[in-house]
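Rule-based calculations on the coordinates, nothing more; no lab input. Predicted model, so just to flag it, every value in this text is computed and none were measured. Glycine also receives a Cβ, built like all others from the backbone with ideal geometry; neighbour counts cover every protein chain displayed.
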Amino acid sequence: MQLYNDISNSIFDVLYAPFGYGFPAFDLLVWPIVMGVVALVVFKYVSNQSAIARVKKQIAMHLLEIRLFSHDLVQVLKSTAMIIGKNTLYVGHNLLPMVVMLPPMGALMVQLVTHYGYSPSKVGSVELLNLKLDPASAQLAHDASLKLPAGVSLDAPVVRTADGQVYWRVRADQPGDHVFQIEVGDKTYEKGWAVGGDARKIPVKRLRSAEALLYPGEPAIPRDSPVESIELEPHTRRLAYFPDGETGILLWSFGVSILAALALKPVFGVTF
């Protein structure tokens, strides 16, 4: 999991924001189109194109049979069964290219969200830093401690819950990329907090579960750790001409890649 994020970060931290984070239009337009082109190339060379074309013709033929012999119930049922079978075969022919495309395309979309989905907190803002422990280690919450970086202060006493969660209310006194240090047992965990300044890649969550693949801005928490997550409230970056937020950017990039693939399909000679 962390290896996947490390590889993804090493690639996209170099490729993204060639004109700076203040100009997201380039990445939000170019990379979804590139994703659509990559999908076409993968389909052309990984899938069985002739088999896909053949199955599509067979499905069309059985649909025509239903229309021509609509008065014959036996023939309609037979053609319907054949369509179901051929559709299953059609889906099977598309599984391999989809599996091949998933890692790079997933990384591309997730990285777009990571780079352009969030904005830094404002100076003077007060937010909750939440540490969540797994149920088996809930007792460690009583001794969990927080070391504050310069430019950040504690705004209220710490709150600990019986189910293993700890809340610190922290105040952003100065701008900067601050780093909290949280001690749990004999281990220390770091959590970043971006405050003020220009648009940039913003750390949001540190997670132990597979969901960490969706938040590559910070290292995943080791699987053998008693800590499940360390989070701060994310702030959605408002994008002037594009859908914003996690869902908006994901839907935008996926939709544009689909449109690009459909538009360029004849150029690449791909059937799907």
Leading residue at positive end of dipole, the stretch 126-232 (Cβ point charges), from Gln181, His142, Ala199: Ala199
Under the Karplus curve 6.51 cos²θ - 1.76 cosθ + 1.60, θ = phi - 60°, whole-Hz ³J(HN,Hα) for the stretch 241-256, x wherever Gly or Pro sits: 10, 9, x, 10, x, 4, 5, x, 5, 5, 5, 4, 5, 5, x, 5
Integer Hz, Karplus 6.51/-1.76/1.60 couplings in order for the stretch 45-54, x for Gly and Pro: 9, 9, 7, 8, 4, 5, 5, 4, 4, 5
Pairwise centroid distance, computed over Cα atoms, of the stretch 138-179 with the stretch 1-61, Å: 40
Pairs from Lys56/Lys86; Lys122/Lys147; Lys57/Lys86; Lys122/Lys201; Lys147/Lys201 whose Cα-Cα separation, in the structure shown, is over 18 Å: Lys122/Lys147; Lys147/Lys201
Options (i) -0.22, -0.37, -1.49; (ii) -0.40, -0.59, -1.26; (iii) -0.30, -0.50, -1.36 - which one matches log10 I(q)/I(0) by the Debye sum over Cα atoms at q = 0.07, 0.09, 0.17 Å⁻¹ as calculated here: (ii)
Summed residue charge, Cβ within 15 Å of Phe180's Cβ, Lys/Arg positive, Asp/Glu negative: -1
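If I stretch the segment between Met61 and Leu251 completely, what's the gain in nm (0.36 nm per residue apart, minus their alpha carbon distance), one decimal?
Full-extension gain reported as 64.9 nm.
Rounded to the nearest 0.05, what FRET efficiency do Leu264 and Val126 have when you use their Cβ-Cβ distance and R0 = 51 Å?
0.55
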Contour minus Cα-Cα distance for Leu95 and Thr161 (0.36 nm per residue): 19.2 nm
Phi-based couplings in Hz for the stretch 22-33 (Karplus 6.51, -1.76, 1.60; Gly and Pro marked x): x, 10, x, 4, 4, 5, 6, 9, 6, 5, x, 5
Among 230-241, 252-263, the order from most to least packed when residues are scored by Cβ within 10 Å on average: 252-263, 230-241
Label-point gap, in nm, between Ala150 and Lys44 - each point 7 angstrom along Cα→Cβ: 5.6
Those aspartates and glutamates that a straight Cα-Cα span of less than 18 Å connects to Lys187, excepting residues fewer than 8 apart in one chain: Asp134, Asp143, Glu218, Asp224, Glu228, Glu231
